[in-house]
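This report concerns only the one structure given below.
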């Protein structure tokens, strides 16, 4: 049995999307057990309304924790003061219950990172946990980006660890053999960028067990030439959100243009399936959340705007990390990198 | 008369695109005079072949400087050792000839920044020149981004200066009144980001003469809610290149999909004008180059892949900066910011 805890508050479509997504995941994985944290009355009502109380009886439980943490809350204050918040309660369960192996949340990012780092703890040897979402590439594959915002002040060593953790994650969860790792930089030549990038380049080149292929310019993110991009959390955040923003704005524009005159409307009728394919392609709801790599237990952060399909994907990621024993292998890999500490 | 120097080597389509773009600009601006640096034989041939030797007689001259600087050259070495390079010669002319007010180049970025900073000099009080390209927004406007790669190691004060210079540039060259300035960050709340961003936020809030509206997340770059985004050169580079890369990849994908079956092909016929509109919209060739703000004389960097229309736009930017007396006003604004030094 894989037991996970689902933080049901904090997302734009919480708790409904969280519950519905969870039920879909329970359909997919018969050995999945879920603890829901949130407002007990609301959750009971939702589960009853969907018939889950009968269909999934014995496969879930509800933990009453009605407080919500928002982006306005200072992360450390939130952890200390909002003990009844669904996120903080979920973290506590993850820490204290050895049978619970993973957590999914679509709540405030800063609080989640802080709570995971302070309360769950890091894999021995890992300096900082880091986010690693994946995006679709133009040739039908995916590309992972580590980190996208967990750490804004970093060292070359962090980037090395992101490369090791991300490579293993892509192998375990997405079946990518020998992932091609690139360093995000402002040019492809080896001596580009600031001191951090220059040092990281040299370090990555010498790191055993990863397939470092050099610097990458951000315009090549979706090209399919790379499997994993490592970067500081600020640049990674810009990288992912710009990709998302540009895609959404362009598709919006295109759809508007297609309704602008009769001729376009006729064309749009013929092309509806093509456009829908693109919309689905760029819809981040289909690619799940950002896993937080490097924690002792699995934490997956869903997009704030996650709908049921995205929540379901997040759970799938957590499930595959668990069944793939990712954390055990990460622990071994970090030990190999640094020797016994 | 506005006299500018055009570096005719170093771009992907140099020197042909540089010459053709220059001739278009001479059509647009009857008081424009151009000095071409590059290989004399090649340039003479190109100008003769297009009939420019007759049509624009007395409005240009050729300076023989056949060396090329590439991205592989170390910037400081390039300046020191490649004195016969078209870019270095152009910089020298810009420095030494008081009648020449601006320079356009599509050559290596690093060398151009170094040469401009070391040889041309900064406006008194300006810490570092910075790039400020513009991109189209979804509501038909533009957004400027400063900086996109001139400086990767920066201070809050640099960001303040980018805000002052960029605001004035958008007013003078694009006629935007009271530009809305945003700080690129990983969240919109005031306390987001690293120390640099937090300090910059406070500094920008107190800076007179600019319209600071707060933090911006990269996904909102094209939304039309902001006129100018200030950021460090690394993040700015990621921001712009990701936008460009995502747009190009998406449009490529869309065009491929439209040819995938008969039904799509029919739809594409009806929608050809709409698609072309999008392609034109996202074509950075239409938006000119990155001006380097803060130098004593105007330097405009064209995209390495600039075609004639992009080169022409770069010249137009340089021309408008000159006729708008941007540098004089910048000098006054910097003096006002810091008092007499």
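The values are calculated or read from the model by the stated rules, or taken from the named source; none is laboratory data. Just so it is clear, the structure is predicted and the values come from calculations on it, not from any experiment. Please note: Cβ atoms are built from the backbone with ideal geometry, for glycine as well, and neighbour counts cover all protein chains shown.
Kindly evaluate residue A:243 against the criterion of being in contact with a helix residue (DSSP H, G or I) (Cβ under 6 Å, 6 or more places away or on another chain), in a helix (DSSP H, G or I) and assigned by TED's automatic domain parsing to the domain that holds residue A:274. Against the criterion (in contact with a helix residue (DSSP H, G or I) (Cβ under 6 Å, 6 or more places away or on another chain), in a helix (DSSP H, G or I) and assigned by TED's automatic domain parsing to the domain that holds residue A:274), residue A:243 qualifies.
Here's the yes/no breakdown for (1) out of contact with any helix residue (DSSP H, G or I) (no Cβ under 9 Å at 6 or more places or on another chain); (2) more than 29 Å from residue A:71 (Cα to Cα); (3) touching a residue at least 24 places away in the same chain (Cβ under 8 Å):
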| residue | (1), (2), (3) |
| --- | --- |
| A:277 | no, yes, no |
| A:289 | no, no, yes |
| A:314 | no, no, yes |
| A:337 | no, yes, yes |
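Are any of the residues in the stretch B:301-314 touching a strand residue (DSSP E or B) at 6+ places or on another chain (Cβ under 7 Å) and surrounded by fewer than 20 Cβ atoms within 10 Å (Cβ to Cβ)? Within the stretch B:301-314, none of the residues are touching a strand residue (DSSP E or B) at 6+ places or on another chain (Cβ under 7 Å) and surrounded by fewer than 20 Cβ atoms within 10 Å (Cβ to Cβ). When each of A:73, A:77 is tested for being within 14 Å of chain B (Cβ to nearest Cβ) and either touching a strand residue (DSSP E or B) at 6+ places or on another chain (Cβ under 6 Å) or loosely packed, with under 15 Cβ neighbours inside 10 Å (or both), the lone residue that passes is A:77. Once the stretch B:239-271 is narrowed to residues that are in contact with a strand residue (DSSP E or B) (Cβ under 7 Å, 6 or more places away or on another chain) and at the interface with another protein chain (Cβ under 7 Å from one of its Cβ atoms), the residue that is surrounded by the fewest Cβ atoms within 10 Å (Cβ to Cβ) is B:241. Please enumerate the residues belonging to the stretch B:22-41 that are closer than 25 Å to residue B:96 by Cα and either in a helix (DSSP H, G or I) or not assigned by TED's automatic domain parsing to the domain that holds residue B:303 (or both). Across the stretch B:22-41, the qualifying residues are B:22, B:23, B:25, B:26, B:40, B:41. Has the stretch B:199-216 got at least one residue that is within 22 Å of residue A:111 (Cβ to Cβ), crowded, with 17+ Cβ neighbours inside 10 Å, more than 21 Å from the chain's Cα centre (by Cα) and modelled with pLDDT under 95? Checking the stretch B:199-216: not a single residue is within 22 Å of residue A:111 (Cβ to Cβ), crowded, with 17+ Cβ neighbours inside 10 Å, more than 21 Å from the chain's Cα centre (by Cα) and modelled with pLDDT under 95.
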